[in-house]
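S.K.: The structure follows.
The values are calculated or read from the model by the stated rules, or taken from the named source; none is laboratory data. Remember, predicted model here, so these are calculated numbers, not experimental data. Positions of Cβ are backbone-derived with ideal geometry, glycine not excepted, and every protein chain shown enters the neighbour counts. The protein model used for the area step is the full one, side chains on, heavy atoms only, and it has no ligands, DNA or RNA in it. Shrake-Rupley method; radii C 1.70, N 1.55, O 1.52, S 1.80 Å.
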Amino acid sequence: MVHDWDGITDYEIKRVEMLNNLGYSVFAVDLYGKGIRPTAIEDKKSMTKSLYDNRFEMRKRLDIGLEEAKKLGANTQNAVGMGYCFGGSSILEMARSGANLKAFIPFHGNLATPEGQDYKNTKGKIVVFHGSADKVVPFSEFSSLAIELENSGIKHEMITYGGADHAFSVFQGTKYNEDADKKSWKRFTEVLEETLK
């Protein structure tokens, strides 16, 4: 699991607990570093920009997280990657890097493919959960990604939720959409059951 743009918070911890209760082991990777929890909008933008601008560093941290999970006993040969917002974008970066995961699952993440990148090395399927009322990640990114994945022959599933804005799954957030959250979580858990054997 990769966190939102404010780092690992109670939100990610709650999602980990929800997955633990379903019997799944979860490793929440911290792409920012110990104790770095930006709260001001400017700081959040700065932290995400530093990694968006340096995809090599982003991939390195994601790889280190996967290795650390393996050291702790996780079966990384039977695993998926998932993330929220910034974390969703990071998960797609992981997919493009050729990481050996069975699925890559972004919730309301940035869906644009950086210039010079593609999905030719992607090993697992991609499952996208997106709000069609998202004003941060326009629907054009959703449709462009769908076309790209189709043309690349990547197995994928992409679901939109009407009326759902960016960060629709964040409990107690101003953009929280209960219907989209519950439906996407239900489909997410079904994907886990279908994928992890």
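S.K.: Mind pulling the per residue volume of the convex hull built on the Cα atoms of segment 56-197? Å³ is fine.
M.R.: So the per-residue hull volume is 113 Å³.
S.K.: Express the relative contact order of segment 104-197 as a whole percentage, based on alpha carbon pairs under 8 Å and six or more residues apart in sequence.
M.R.: 28
S.K.: If you average the alpha carbon positions of segment 2-24 and of segment 33-76, how far apart do those two centres end up, in angstrom?
M.R.: 15
S.K.: Cut-off 10 angstrom, C-alpha nodes, Gaussian network model of the chain. Which of GLY124, GLY73, GLY65 fluctuates the most?
M.R.: In this elastic network of the chain, the residue with the biggest mean-square fluctuation among GLY124, GLY73, GLY65 is GLY73.
S.K.: Taking Cα pairs under 8 Å and at least six residues apart, what relative contact order does the chain come out at, in percent? Don't skip to the answer; put the middle values down first.
M.R.: Working: 323 pairs, mean separation 32.5, N = 197.
Once divided by the residue count of the chain, the mean separation gives 17 percent.
S.K.: Using a 10 angstrom cutoff on alpha carbons, build the Gaussian network for the chain and name the most mobile of VAL127, VAL80, VAL16.
M.R.: VAL16
S.K.: If you don't mind, another one. Express the accessible area of segment 73-197 per residue in Å², computed with a 1.4 Å probe while the remaining protein chains stay in the model. Intermediate values should be presented prior to the final figure.
M.R.: Working: 5440 Å² over 125 residues.
With all protein chains present, segment 73-197 gives 44 Å² per residue.
S.K.: How big is the accessible area of TRP185 in square angstrom, nearest 10, if you roll a 1.4 angstrom probe over the protein chains?
M.R.: Roughly 40 Å² of TRP185 is accessible to a 1.4 Å probe.
S.K.: Still on this structure, please answer the following. Mind telling me which of GLU67, GLU115, GLU178 comes out most flexible in a GNM of the chain, alpha-carbon contacts under 10 Å?
M.R.: Ranking GLU67, GLU115, GLU178 by mean-square fluctuation puts GLU115 first.
S.K.: In nm, give the distance between the simple-model label positions of GLU148 and LYS186, each being 7 Å from the Cα along the Cα-to-Cβ direction.
M.R.: Here the answer is 3.1 nm between the modelled labels.
S.K.: Could you tell me which of ALA28, TYR11, LEU51 has its Cα farthest along the dipole of segment 1-79 towards the positive end, charges placed at Cβ (Lys, Arg +1; Asp, Glu -1), taken about the Cα centre?
M.R.: Result: LEU51, furthest along the dipole toward the positive end.
S.K.: If you don't mind, another one. Just add up the charged neighbours of ASN78: K/R +1, D/E -1, any other residue whose Cβ is under 12 Å from the Cβ of ASN78. Display every interim value, and only then the final one.
M.R.: Details: positive: LYS70, LYS102, LYS197; negative: none.
Net local charge, ASN78 excluded: +3.
S.K.: Leaving out ligands, DNA and RNA, what percent of the accessible area of the chain is carbon and sulfur, probe 1.4 Å?
M.R.: 51
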